[in-house]
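A short write-up of the structure that comes next.
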Amino acid sequence: MARKKKICPHCGKELLEYQNPVPTVDIIIEFGAQGIILIKRKNYPQGWALPGGFVDYGETVEAAAAREAKEETSLELESMRQFGVYSDPTRDPRRHTLSIVFIAQGRGNPQPADDAEDLGIFTPDNLPHPIVFDHDKILQDYFRMKKRTNN
């Protein structure tokens, strides 16, 4: 019996299936005291998300995080540190990914580019909807950690 091809609803190309999780990065970009940067995705799945993306072959996860932040927000990263790893097999509707999440300070003038249709600076009290992937969980963990460390 032939395997039915899965087609990407956005670009119409065949989706590749991997037996192992694909490494990705997501970045919680703190923008001074104003809040954190989220992007509004123009590609599937549409919605608001942390800047991030796939780690290229031969690239470190730190370099991937800096590249993705620059590509999607036009910001340089400073004081980057690892926040956690998220690996729920259902976290990305396109395939099983494993995300290494970083926290960094953003420097520069935030401008949407690449996968970002728009961007905004948000606080825990004014998060946009919908938030895609498992980024709502990541943000809950982040804001909970911030609350603990600020008290």
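The values are calculated or read from the model by the stated rules, or taken from the named source; none is laboratory data. Quick caveat: nothing in here was measured; it's all calculated off a predicted structure. With ideal geometry, Cβ positions are generated from the backbone for all residues, glycine too; neighbour counts draw on all protein chains shown.
Could you list, in sequence order, the residues of the range 60-78 that are under 11 Å from D114 (Cα atoms) and either among the hydrophobic types (A, V, I, L, M, F, W, C) or in contact with a helix residue (DSSP H, G or I) (Cβ under 6 Å, 6 or more places away or on another chain) (or both)?
A69
Which one of P89, P23 is surrounded by fewer than 22 Cβ atoms within 10 Å (Cβ to Cβ) and either among the basic types (K, R) or within 13 Å of the chain's Cα centre (by Cα) (or both)?
P23
Consider Q140 against the criteria (1) assigned to a strand (DSSP E or B); (2) farther than 22 Å from A64 by Cβ; (3) free of Cβ contacts under 8 Å to residues at least 40 places away in the same chain: it satisfies all of them except one. Which criterion is unmet?
Answer for Q140: the failing condition is (1).
Within the range 122-132, track down each residue that is buried (at least 16 other Cβ atoms within 10 Å of the Cβ) and outside any strand (DSSP E or B).
Across the range 122-132, the qualifying residues are L127, V132.
Among the candidates L75, L50, L119, L38, single out the residue that is over 13 Å from the mean Cα position of the chain (by Cα), modelled with pLDDT of 95 or more and buried (at least 17 other Cβ atoms within 10 Å of the Cβ).
Of L75, L50, L119, L38, the one residue that is over 13 Å from the mean Cα position of the chain (by Cα), modelled with pLDDT of 95 or more and buried (at least 17 other Cβ atoms within 10 Å of the Cβ) is L75.
Looking only at residues that are out of contact with any strand residue (DSSP E or B) (no Cβ under 7 Å at 6 or more places or on another chain) and not β-branched (V, I, T) in the range 71-95, which one is nearest to L16 (Cα to Cα)?
Per the stated criteria, the residue is R94.
Being surrounded by 19 or more Cβ atoms within 10 Å (Cβ to Cβ), in contact with a Phe, Trp or Tyr (Cβ under 9 Å, 6 or more places away or on another chain) and not in a loop (DSSP other than H, G, I, E, B) is the requirement here; does I103 meet it?
yes
Output the residues belonging to the range 66-109 that are in contact with a Pro (Cβ under 7 Å, 6 or more places away or on another chain) and of a type outside the set (V, I, T).
Answer for the range 66-109, where residues must be in contact with a Pro (Cβ under 7 Å, 6 or more places away or on another chain) and of a type outside the set (V, I, T): E68, A69, E72, S74, L75, S87, P93, H96, L98.
Return yes when V22 is out of contact with any helix residue (DSSP H, G or I) (no Cβ under 7 Å at 6 or more places or on another chain), more than 17 Å from E117 (Cβ to Cβ) and aliphatic (A, V, I, L, M) and no when it is not.
Judged against the criteria, V22 is a match.
Is it fair to say T97 is among the polar types (S, T, N, Q), surrounded by 15 or more Cβ atoms within 10 Å (Cβ to Cβ) and closer than 22 Å to C8 by Cβ?
Yes; evaluated as a whole, the condition is true for this residue.
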